[in-house]
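Trainee: Take this structure, written in structure tokens, and hold onto it; I'll ask about it next.
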Number of protein chains: 2
Amino acid sequence: MLLVSDLGEHALLERIRSRVPPPPPWVLVGIGDDAAVVEPARGSVDVLTTDALIEGVHFDRRFSSAADVGYKALAVNLSDLAAMGAAPRTALLSLGLPPALSVADLDALMDGLLELAALESVALAGGNIARSPGPLWLSLTASGAVRRRRVLPRGGGRAGDELFVSGTIGGAAAGLEALQAGAAEGAALEDCAARHRRPVPRVRLGRLIAGNRVASACMDLSDGLADAVRQVAAASGLGAIVEAAAIPLHEGARDWFGRGGRDPVDAALAAGEDYELLFAVASRRRSRLATVRRQARGLALTRIGILTADPAVRLRKADGDRDLPAGYQHFQSR
Amino acid sequence: MLLVSDLGEHALLERIRSRVPPPPPWVLVGIGDDAAVVEPARGSVDVLTTDALIEGVHFDRRFSSAADVGYKALAVNLSDLAAMGAAPRTALLSLGLPPALSVADLDALMDGLLELAALESVALAGGNIARSPGPLWLSLTASGAVRRRRVLPRGGGRAGDELFVSGTIGGAAAGLEALQAGAAEGAALEDCAARHRRPVPRVRLGRLIAGNRVASACMDLSDGLADAVRQVAAASGLGAIVEAAAIPLHEGARDWFGRGGRDPVDAALAAGEDYELLFAVASRRRSRLATVRRQARGLALTRIGILTADPAVRLRKADGDRDLPAGYQHFQSR
């Protein structure tokens with residue numbers, strides 16, 4: 001089996017470069033120079049984000065193929081662009097490669113990444129490879145464009161704005177747990193596992209929300225719904241009430257968390273990796289939200305609560321209100 | 001001693017954010033949202049690059065302080081922007097943090113990075129932190145701006161263009177070797193050690209070369225002079241002759257490599273981490289080069305050879321010509 005350590009840096013770079021399709025015309029200089037050169041999108045501002053995946057922290061090669069890992073590394077970055085309302089344009093890939101990684105796995109990783117790049121019209125414009133004496137890691141930077149007045153801030157909410165979330169909640173975390181338990185069986189849990197392996201960044205939704213000027217605030221759920229509600233409320237200088245019964249639990253998450261005797265809503269609120277969007281909508285923007293709904297191709301947009309002048313962040317259940325649990329914390333063990 | 005693992009992700013991010021100065025007005029959204037939002041520079045194209053430093057591969061904490069590491073992580077990226085002729089604007093920092101890293105070291109790392117950012121007017125506009133089960137690593141992305149017709153390509157050389165290199169060669173590698181041998185003593189070798197720890201990106205020179213339209217091709221020497229000559233020649237579809245006697249060896253490198261019985265020129269040609277610029281100048285641009293020299297504040301610009309129609313890349317010594325040695329290869333051990 002050919003390993004990364006069997007090839008020199010130039011041969012590895014050439015191998016990666018050969019898999020990358022020709023760039024669009026606005027990439028003036030792509031892979032192979034000291035830096036990429038990109039024509040800015042006219043009438044837009046640049047949106048830039050970076051996020052990393054590390055073996056043993058963010059993925060486990062027993063549950064995710066190399067192609068899944070490449071796909072997800074781009075997906076989590078595109079999710080951040082979606083949360084700003086930006087159209088993705090370019091990505092740069094920084095790789096830490098263990099010498100014992102097979103070249104076939106490196107190829108598959110690139111193919112997974114490039115599969116999503118093609119779907120979302122992202123040009124891989126450059127990158128870097130380095131030898132990693134520890135685990136495999138991928139750090140990506142994605143850039144996108146949005147018209148200046150359409151940028152979706154995290155902290156623009158007003159008291160009384162309603163909170164909406166896209167899609168379903170808790171699926172990715174339930175999927176990972178089920179994979180770890182060797183029990184990701186049945187359609188609902190298989191879908192959860194797929195959501196862990198290959199999250200769907202809500203790029204189209206983010207652009208619709210921005211283009212229709214629906215939202216006063218928006219962020220993605222990389223660190224879970226509870227964390228996102230807290231962040232949006234805090235950045236807006238507000239509190240929030242979330243209605244437990246309204247949270248759109250993933251069917252597989254309801255099943256899985258329930259099996260373990262946990263409250264599925266509490267578990268899903270604290271679960272990371274749901275790359276859905278949370279956004280706040282003023283009541284006078286309700287008609288615009290209807291427009292977005294029509295254009296969202298069946299993606300659920302669920303009202304889960306409201307921003308409040310009272311700075312407390314509360315979860316409303318049938319038996320009363322209590323503090324919303326904390327979100328997922330990367331530096332604590334799970 | 002407070003460790004990274006003693007703090008949650010939000011506390012770490014807040015700690016980092018508190019050290020970052022307020023951004024310039026063209027950073028519309030900085031650290032703390034899903035992504036950064038940057039106003040493009042008017043009349044310019046965007047230049048984007050990414051490069052990483054990994055503990056045990058690119059730095060050794062016995063020889064480099066945490067502040068040195070932060071400084072260098074930005075410096076190596078700015079060197080890539082310099083090679084394109086771009087003025088740096090923003091940086092994004094992706095960190096892989098071992099849980100046992102001290103918070104004091106994280107603070108120092110940020111301070112070193114921000115020291116260079118302030119010197120070069122770079123805004124740290126965003127980033128990401130993740131737990132690393134292996135070594136400490138930093139992956140940076142830097143963006144800059146240059147007028148479209150001023151971009152310095154790697155492959156624009158013509159046969160007969162003369163090759164110039166800035167500064168001196170071999171210092172950083174000699175410095176690292178001397179540090180490893182516990183012998184980095186005396187002014188020349190101490191300067192070599194400093195060049196390993198805190199390379200000076202030739203940002204100002206790159207902008208002068210681009211602004212005066214001096215060069216037909218340019219790249220930086222991250223992987224050594226021999227590699228750079230090969231890359232510029234290959235990208236231009238040409239060969240090259242390098243004159244050994246003309247290479248501006250760092251005084252400490254001449255001393256150090258000579259002590260080991262090596263040919264100092266051969267050792268310096270193959271040595272990485274000289275973040276100088278190599279550029280090609282057509283004879284009709286000689287008067288412009290004189291202008292750049294006057295503006296370069298005493299930085300040496302030395303003619304070391306010529307691009308040739310013959311595709312061979314040769315080193316000319318007193319006793320005849322031979323193939324230029326290969327450059328530094330990251331995936332081979334040193």
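The values are calculated or read from the model by the stated rules, or taken from the named source; none is laboratory data. Fair warning: this is a prediction, and the values are worked out from it, not measured in the lab. Virtual Cβ from ideal backbone geometry, glycine too; neighbours counted across all protein chains shown. These area figures cover heavy atoms from the full protein model, side chains too; ligands, DNA and RNA do not enter into them. Shrake-Rupley method; radii C 1.70, N 1.55, O 1.52, S 1.80 Å.
Trainee: Here are B:V4, B:V69, B:V38, B:V47: which of them is within 13 Å of chain A (Cβ to nearest Cβ) and over 30 Å from A:R150 (Cβ atoms)?
Mentor: Selected residue: B:V4, the only one of B:V4, B:V69, B:V38, B:V47 that is within 13 Å of chain A (Cβ to nearest Cβ) and over 30 Å from A:R150 (Cβ atoms).
Trainee: Sticking with this one: Looking only at the range B:223-231, decide whether some residue is within 14 Å of another protein chain (Cβ to nearest Cβ) and acidic (D, E).
Mentor: Looking through the range B:223-231, at least one residue is within 14 Å of another protein chain (Cβ to nearest Cβ) and acidic (D, E).
Trainee: Continuing with the same structure: With the structure loaded, tell me whether B:P21 is under 30 Å from A:R150 (Cα atoms) and either basic (K, R) or touching a helix residue (DSSP H, G or I) at 6+ places or on another chain (Cβ under 8 Å) (or both) or whether it fails that test.
Mentor: Considered against the rule, which asks whether it is under 30 Å from A:R150 (Cα atoms) and either basic (K, R) or touching a helix residue (DSSP H, G or I) at 6+ places or on another chain (Cβ under 8 Å) (or both), B:P21 comes out as yes.
Trainee: Another question, if that's okay. Can you spot a residue in the range B:306-326 that is in contact (Cβ under 8 Å) with a residue 12 or more places away in the chain, under 24 Å from B:R207 (Cβ atoms) and open to solvent by less than 70 Å² (accessible area, probe 1.4 Å)?
Mentor: The answer is yes, given that some residue of the range B:306-326 is in contact (Cβ under 8 Å) with a residue 12 or more places away in the chain, under 24 Å from B:R207 (Cβ atoms) and open to solvent by less than 70 Å² (accessible area, probe 1.4 Å).
Trainee: Continuing with this model, one more query. Hey, among the residues in the range B:217-241 that are surrounded by fewer than 23 Cβ atoms within 10 Å (Cβ to Cβ) and among the aliphatic types (A, V, I, L, M), which one's farthest from A:L13 (Cα to Cα)?
Mentor: Among them, the one singled out is B:I241.
Trainee: Do you know which residues across the range B:7-34 are open to solvent by 20 Å² or more (accessible area, probe 1.4 Å) and part of a strand (DSSP E or B)?
Mentor: Result: B:L28, B:V29, B:I31, B:D33.
Trainee: Could you tell me whether B:Q180 is farther than 25 Å from B:R316 by Cβ and in contact with an Asp or Glu (Cβ under 9 Å, 6 or more places away or on another chain)?
Mentor: yes
Trainee: When only residues in the range A:277-305 that are without any contact (Cβ under 8 Å) to a residue 40 or more places away in the chain and among the small types (G, A, S) count, which is farthest from A:I241 (Cα to Cα)?
Mentor: A:G298
Trainee: Let me ask something else. How many residues are under 20 Å from the mean Cα position of the chain (by Cα) and assigned to a loop (DSSP other than H, G, I, E, B) when one looks only at the range B:299-326?
Mentor: Residues flagged as under 20 Å from the mean Cα position of the chain (by Cα) and assigned to a loop (DSSP other than H, G, I, E, B) within the range B:299-326 amount to 3.
Trainee: For B:R213, indicate whether it is under 23 Å from B:L119 (Cβ atoms) and surrounded by fewer than 24 Cβ atoms within 10 Å (Cβ to Cβ).
Mentor: The answer is no for B:R213.
Trainee: Check off (1) within 9 Å of another protein chain (Cβ to nearest Cβ); (2) touching a Phe, Trp or Tyr at 6+ places or on another chain (Cβ under 9 Å) for A:S143 and give me the number that stays unchecked.
Mentor: Condition (2) is where A:S143 drops out.
Trainee: Criterion first (touching a strand residue (DSSP E or B) at 6+ places or on another chain (Cβ under 6 Å), over 17 Å from A:A75 (Cβ atoms), among the hydrophobic types (A, V, I, L, M, F, W, C) and within 14 Å of chain B (Cβ to nearest Cβ)) does A:V151 satisfy it?
Mentor: When the stated conditions are applied, A:V151 passes them.
Trainee: Let me ask something additional. Please verify whether B:R202 is out of contact with any Gly (no Cβ under 6 Å at 6 or more places or on another chain), basic (K, R) and crowded, with 19+ Cβ neighbours inside 10 Å, treating the condition exactly as stated.
Mentor: The answer is yes for B:R202.
Trainee: Can you name the condition, by its number, that A:G8 falls short on among (1) touching a Phe, Trp or Tyr at 6+ places or on another chain (Cβ under 8 Å); (2) in contact (Cβ under 8 Å) with a residue 40 or more places away in the chain; (3) over 18 Å from B:D80 (Cα atoms)?
Mentor: (2)
For every residue, the table says whether it meets (1) over 22 Å from A:D34 (Cα atoms); (2) within 11 Å of chain A (Cβ to nearest Cβ).
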residue	(1), (2)
B:R61	yes, no
B:S65	yes, no
B:G96	yes, yes
B:A104	yes, no
B:L124	no, no
B:I129	yes, yes
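Trainee: Return yes when A:L92 is within 18 Å of B:G144 (Cβ to Cβ), open to solvent by 40 Å² or more (accessible area, probe 1.4 Å) and facing chain B (nearest Cβ under 8 Å) and no when it is not.
Mentor: No, not satisfied.
Trainee: When the range B:258-298 is examined, which residues are found to be closer than 22 Å to B:D80 by Cα, open to solvent by 60 Å² or more (accessible area, probe 1.4 Å) and part of a helix (DSSP H, G or I)?
Mentor: B:R293, B:Q295
Trainee: For the range B:35-63, which positions are surrounded by fewer than 22 Cβ atoms within 10 Å (Cβ to Cβ), touching a Leu at 6+ places or on another chain (Cβ under 7 Å) and free of Cβ contacts under 8 Å to residues at least 40 places away in the same chain?
Mentor: Within the range B:35-63, just B:E39 meets the criteria.
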